[in-house]
Amino acid sequence: MRFAGTYVHMQDAYFVDQQSIGTWTQIGYESPTSKNFAYDASNGYEWYANASFDLPDGCTNGWYVDVDEITVDNVKTVKYQASDNCSPLTPNFKNIGTSS
C-alpha cells in the first residue's frame, strides 16, 4: 500500500509546517486511480482503500489510515487498520510511516 505511505509522509510535512493535520486537499494529496482499489477520505482526513475484488473471509473492511492530532505537545498519532485476515495480503501495511 505505497499510497498510504505517501499520504502519511504528506501529513507529516503538513503537520511540521502547520502544527495540525490537513485534509487531502490541504496537504495536496490526490486519490490514486486503480482497477483493484477504490480510495476515499470519509471526512477529508482519513485514508481508505477498499478492494474491488473478493477478499478472503473475515477481511471485509479493507484498509485505512486514521490520523489524529493530540493537543498536548502537538503530537500526531497514526493508526493503521486492517483486519487480521487482511494482513497476509499486505503484511507490512501496519509498519507504514511513524506511530508518534
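The values are calculated or read from the model by the stated rules, or taken from the named source; none is laboratory data. A quick note: this is a predicted structure, and the numbers were derived from the prediction, not measured. Neighbour counts are summed over all protein chains in view; Cβ atoms, including those assigned to glycine, are modelled from backbone coordinates with ideal geometry.
Kindly provide the set of residues from the range 40-67 that are of a type in the set (Asp, Glu) and within 12 Å of Ala4 (Cβ to Cβ), ordered by number.
Glu46, Asp66
Please go through the range 38-63 and give me each residue that is over 11 Å from the mean Cα position of the chain (by Cα) and more than 16 Å from Cys86 (Cβ to Cβ), ordered by number.
The answer is Ser42, Asn43, Gly44.
I'm checking my understanding of the structure. Among residues of the range 11-48 that are small (Gly, Ala, Ser) and in a loop (DSSP other than H, G, I, E, B), which one is farthest from Val67 (Cα to Cα)?
Ser34
Look through the range 1-15, keep the residues that are of a type in the set (Gly, Ala, Ser) and out of contact with any strand residue (DSSP E or B) (no Cβ under 9 Å at 6 or more places or on another chain), and return whichever of them is surrounded by the fewest Cβ atoms within 10 Å (Cβ to Cβ).
Of everything passing the filter in the range 1-15, Ala13 is surrounded by the fewest Cβ atoms within 10 Å (Cβ to Cβ).
(1) crowded, with 18+ Cβ neighbours inside 10 Å; (2) within 19 Å of Thr90 (Cβ to Cβ); (3) in contact with a Ser or Thr (Cβ under 8 Å, 6 or more places away or on another chain); (4) in contact (Cβ under 8 Å) with a residue 24 or more places away in the chain: which one isn't true of Tyr45, the others all being true?
The one condition Tyr45 does not meet is (2).
Here are Tyr29, Tyr80: which of them is surrounded by 13 or more Cβ atoms within 10 Å (Cβ to Cβ) and modelled with pLDDT of 85 or more?
None of the other options fit; the residue is Tyr29.
Are there any pairs, at least 6 apart or on different chains, whose C-beta atoms fall under 7 Å, with the first in the range 16-29 and closer than 9 Å to Gly44 by Cβ and the second of a type in the set (Ser, Thr, Tyr) and assigned to a loop (DSSP other than H, G, I, E, B), and if so, which?
Sorted first by the residue in the range 16-29, then by its partner, the pairs are Thr23/Tyr45.
May I ask you to list the residues in the range 12-26 that are at pLDDT 85 or above and of a type in the set (S, T, N, Q)?
Passing the criteria: Gln18, Thr23, Thr25, Gln26.
Which one of the conditions (1) surrounded by fewer than 10 Cβ atoms within 10 Å (Cβ to Cβ); (2) over 17 Å from Val8 (Cα atoms); (3) modelled with pLDDT of 65 or more; (4) not hydroxyl-bearing (Ser, Thr, Tyr) does Val72 fail to meet, given that it meets all the rest?
All conditions are met except number (3).
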